[in-house]
1. Once the label point is set 7 Å along the Cα-to-beta-carbon vector, what list of distances in nm do you get between residue A:231 and its counterparts in the other copies?
2. Could you work out, residue by residue across B:86-99, how many beta carbons of other chains sit within 10 Å of that residue's beta carbon, and then give the average as an integer?
3. Grab the Cα-Cα distance for residue A:211 and residue A:242, subtract it from 0.36 nm times how many residues apart they are, and report the gain in nm with one decimal.
4. What order do you get for A:118, A:324, A:289, B:71 when you list them from fewest to most C-beta neighbours inside 10 Å?
5. Between the stretch A:95-147 and the stretch B:103-158, what is the C-alpha centre distance in whole Å?
6. Once you've got the GNM for chain B with C-alpha springs shorter than 10 Å, pick whichever of B:20, B:128, B:285 has the biggest mean-square fluctuation.
7. Let a ≥ b ≥ c be the square roots of the eigenvalues of the Cα gyration tensor of the protein assembly as shown; is it rounded (a/c under 1.5), or, if not, prolate (a/b larger than b/c) or oblate?
8. What fraction of the DSSP beta bridges in the protein assembly as shown is antiparallel, stated in percent and rounded to the nearest 5?
DNA sequence: CTGAAAGCGCTTACAG
DNA sequence: CTGAAAGCGCTTACAG
């Protein structure tokens, strides 16, 4: 097998005696009724035969489009985000796009830094999970720098933008009701100190439901960077110690639930007899836990699909500032053995 | 805030009255003793001030380098691979590289397909987790297409190549010994039907250790695509039923262990009294399991580091075919409560 | 120590 | 229906 030199349009042009222009038109499907059937066939066959692929750098340079999308996740190694990423990658690739991933760790500073790094490389679109306090930056990015951005998992009310998110309020409502119908009355909510939409909506959903039952609320809000730490666990432990009557907990995120589960395990509490549990977000860990934990699962395939299809679609409709893509998907309560 | 048009070298050249050549040299640190200090400073200050970033498409087109690395993982949504990916991404980015991810699902056909898609786009290097039967393709990629490739997690003996892998034999040996020293004598190995190096080495490590103790071997090898399925669980269940004396199991991968754990749980076996467990690869699920499962953990940060640093380094030493980067890192036995 | 100029491989307005 | 030519923003061999 000989090493084949990379072939260019010029080579094809020479070989076939057809101008580069014509070849370019054919490749980019701009042939339409401009070019004769025979020429099209001739060129396409030849391209197929030699396996020609256009040089994407040259295309980018010429068109100003890089066929690149940046996915700024909260944490790309988190099972939720990596599952989303995997599904998007495939669809994106089939549409000729590549995706670059990065993680904000939910830190505003890091997100800004990342943004600056990417802004000047040619990026066609951003899919962003904005961290706390990123509202103004996001607004600028969209309305002043005129970047194509799709917001994921959370959104802001103060300005219009594209997003795809979960129906968080309803999810929390459904979970709380489910706990109630299991006979629990001292239902607690353990969430995160945050203004991010999913977090406030989950809390709201819980609160309003408790209110409708005229039941007392118990809620604990943990700082974001304490979720996975011993401090976080301590906070949960204290909360439980101070409110020993609590007989059910709705956890606002899976990481929160994992910390909570550690505490509950160490206290020797029985699930669901002593304390019933429902958590947002599914993970294989919940299914394997003893007993299996009930969850509000996010529809990962649908989410990924909307996200990438949506941004692909928006990029096609170019500068039409009026087109907004806003999707709110339903979560699914999966009843296992913990509630 | 006004929208600033993207600035190019020509703009800088005009503004400063310095030729593009000089500016290019300065930006690419090829200034050295060719350009006067003052000019360098003047240019650098200006670049800093206006926040100029070179157009990477133009650079790619000109140099033939895309500053892109493809990471072909077995499954990028698997916690092990996504953790590796996250760490590599950061280092790569700081070195001016972007990484494109994809998943082979351990299927040869898919890997070939992926490779063809990438080959003609300019990619500077591949980091590949080769699936079963990919040996010839890999060899061709390296020796005939002269691509820069770093192999991860597994390697082949039949030709020389760069790789970073775990010391699998030693890990299996250590795990088996540990099970033995807990008093277990009917120690089983549950692995995967595969010629991939880690899988055969783990089996070897187990076998030889058992042999050195003059103990009977019990091994079950499951088909790769059955690992996470009910068939896989059924195979394990049968294996255990046919060999009721088994009092310990070494699982060759975490997914295998998860399937095994389901079976053990459903059979009501007590860990470690009835049956002791050690699994390869750590996952948070093992720590939270009841009881916490002991594992041979892979050193993820070191692995990611070697992987990306290694390929960065190899790319610098360019065409020097003699340079091989081969690293074998030690796993760590973490004793929890299952052995 | 510095610069003019060619050229990487495309796309696209323009001309015929 | 088809083609010649400009130009995207760089890098680098060459000349001075």
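Laboratory data are not the source of any read-out in this text; all were calculated from the coordinates shown. In this text the structure is predicted, and so the values were computed from the model without any measurement. Don't worry about glycine lacking a Cβ; one is built from the backbone with ideal geometry, like all the others, and counts go over all protein chains shown.
1. Label-point distances to the other copies, shortest first: 5.0 nm.
2. Averaged over the peptide's residues, the number is 3.
3. 9.0 nm
4. Ascending number of Cβ neighbours within 10 Å: A:324, A:118, A:289, B:71.
5. Taking the Cα centre of each part, the stretch A:95-147 and the stretch B:103-158 sit 32 Å apart.
6. Of B:20, B:128, B:285, the Gaussian network model singles out B:20 as fluctuating most.
7. In terms of gyration-tensor shape, oblate.
8. 10 percent
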